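Participant: The structure under discussion is supplied below as structure tokens; questions concerning it will follow.
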Amino acid sequence: MQTALMAAVYLILLLVGPSLVHAAPYTCSNTTCVLPECLCPSLNPPAGLSLEDTPQFVLLTYQGALTDRIATMLSELNYSNPNGCPMKSTLYLSSEYTDFYRTEQLYSLEHDIADFTMDLFTSRDSDNETWTEQINGCRSTLSVYANVPLQAINGFRAPELIFNEAMFDVLGRGDFEHDSSIFEPIGLSISPSVHQQVWPYTLDNGVAQVCWSGTCPSKTYPGLWEIPMYIYNNDNGTPFYPSAVFEPSATYEELLDLLKRNLLHRSQGNKAPMGVWLSQFWADRPDHMRAVRDFLSYAESQGVWFVTASQLVSWMRAPRKLSEMHEWSPVNCSLSSPRAAATSCSQLQSDVNQVNAKKGVVGLNTGGPGSDPVNCTYPHGYFRVCGSCPSTYPTPNLPAYACASSSSSSS
């Protein structure tokens, strides 16, 4: 569905132009919109940094349900930053079909856990109540059963990148830090070329981009950052495939070349961040994942800085020169710290507490003291947790905070 949808939307844009889907006239003043809380969209690095002083960032994200197989695949992507610390990813997770035990493991290794709605049943027509149930329900469910503090789940991506104003209203009320739902096509939005792509910006003055897969909001959302969904492009600026962000029908050689070219576009251009946007589609195709692994190895050799979405926002708020990145605390680590997650729930709780302390967030301490996770089985599905099972499977109408905790459903 996603492939056909994005191809159709892209064709429509080529035929009718971007005016039909653009937000209201956009203005932003650099004199009133200033860091660290506000930033106008720009083709230049923030805070007046020169290109030579600007790090080249690469974000690795995954969106969907975190199954045991997906968690294993992500854990095997062992690449490092120039300071020797391991790469971290950003996981936009749905609560349905997610293994909360594996989610807690990845959080304990400092991967970002972000929101992707409970069951993905949202659309351009979804109302405020639906978005509230889907976004807040997913956030609370991930927090309670994966033992991730609510304030640490501060990013969001819309399923299939389909959104509307009601979605942004919920994010604005919910104290989210960033959204990453708006495609950024070359020449059809505010990025004029492959070497000049817009940097992340805040929505204090509304959305500046063309909303080609959703409905642009007419309101402003002070302090909410937008991390554009950059499309992979050929050298001339046209998308390699209209839907190449999520479902590229490419060979291993084509995909590896595409990823390398898009990194080169940035490193030889304005240093805008590059995203590697993984989904279940990629995980099901060995050649695609082989291309991703080989690309990440290549990017590592080029001295890029792998960051999570929250780390990127932290850097945008207070930019550091390339020469200062080795000492920048968000990407620092103890090289003796574990690079594999604990398997016992008691040790996992201890590791999570250390991550919470580093992030400055307060944990729920819902993890169980036992050695093994508990299997929770329901007619609708199952998952694993450290702790006890809820009596009811979490749904938008009955998210985590409404489910009474009970061990009667465990097996």
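Participant: Condition test on residue 403, is it touching a strand residue (DSSP E or B) at 6+ places or on another chain (Cβ under 8 Å), of a type in the set (A, V, I, L, M, F, W, C) and at pLDDT below 90?
Facilitator: yes
Participant: While we're here: Just one of 110, 104, 177 is in contact (Cβ under 8 Å) with a residue 24 or more places away in the chain and within 30 Å of residue 25 (Cα to Cα); which is it?
Facilitator: 177
Participant: Next question, about the same structure. With the requirement that a residue be aliphatic (A, V, I, L, M) and crowded, with 20+ Cβ neighbours inside 10 Å, what does region 314-324 give you?
Facilitator: 316, the sole residue that qualifies.
Participant: Which condition from (1) closer than 22 Å to residue 312 by Cβ; (2) at pLDDT 95 or above; (3) not polar (S, T, N, Q) is the one that residue 127 breaks?
Facilitator: (1)
Participant: Another question about this same structure. Could you please let me know if residue 176 is closer than 18 Å to residue 399 by Cβ and not β-branched (Val, Ile, Thr)?
Facilitator: Yes: the conditions hold for residue 176.
Participant: Which one is modelled with the lowest pLDDT among residues in region 346-396 that are open to solvent by 30 Å² or more (accessible area, probe 1.4 Å) and on the phi > 0 side of the Ramachandran plot?
Facilitator: 365
Participant: For region 104-156, which residues satisfy the criterion of being open to solvent by 10 Å² or more (accessible area, probe 1.4 Å), under 13 Å from residue 176 (Cβ atoms) and among the charged types (D, E, K, R)?
Facilitator: Answer for region 104-156, where residues must be open to solvent by 10 Å² or more (accessible area, probe 1.4 Å), under 13 Å from residue 176 (Cβ atoms) and among the charged types (D, E, K, R): 112, 139.
Participant: Okay, next question. Those residues that are touching a helix residue (DSSP H, G or I) at 6+ places or on another chain (Cβ under 9 Å) and more than 15 Å from residue 110 (Cα to Cα), I need them from region 315-337; list them, please.
Facilitator: Of everything in region 315-337, those that are touching a helix residue (DSSP H, G or I) at 6+ places or on another chain (Cβ under 9 Å) and more than 15 Å from residue 110 (Cα to Cα) turn out to be 315, 316, 317, 318, 319, 320, 325, 328.
Participant: Search region 78-103 for residues being open to solvent by less than 10 Å² (accessible area, probe 1.4 Å) and among the hydrophobic types (A, V, I, L, M, F, W, C), and hand back the single one that is nearest to residue 139 (Cα to Cα).
Facilitator: 93
Participant: As an exercise: evaluate residue 101 against (1) over 18 Å from the mean Cα position of the chain (by Cα); (2) farther than 21 Å from residue 349 by Cα; (3) at pLDDT 95 or above and give the number of the one condition it does not meet.
Facilitator: Failing condition for residue 101: (2).
Participant: Show the residue pairs meeting these rules: Cβ distance below 9 Å; 6+ apart or different chains; first residue within region 298-311 and touching a residue at least 24 places away in the same chain (Cβ under 8 Å); second residue part of a helix (DSSP H, G or I) and among the β-branched types (Val, Ile, Thr).
Facilitator: 305/331; 306/331; 307/331; 311/331
The values are calculated or read from the model by the stated rules, or taken from the named source; none is laboratory data. Fair warning: this is a prediction, and the values are worked out from it, not measured in the lab. In this analysis, Cβ positions are derived from the backbone assuming ideal geometry, glycine residues included, and neighbour counts consider all displayed protein chains. Surface accessibility is based on the protein's heavy atoms, side chains included, excluding ligands, DNA and RNA. Shrake-Rupley method; radii C 1.70, N 1.55, O 1.52, S 1.80 Å.
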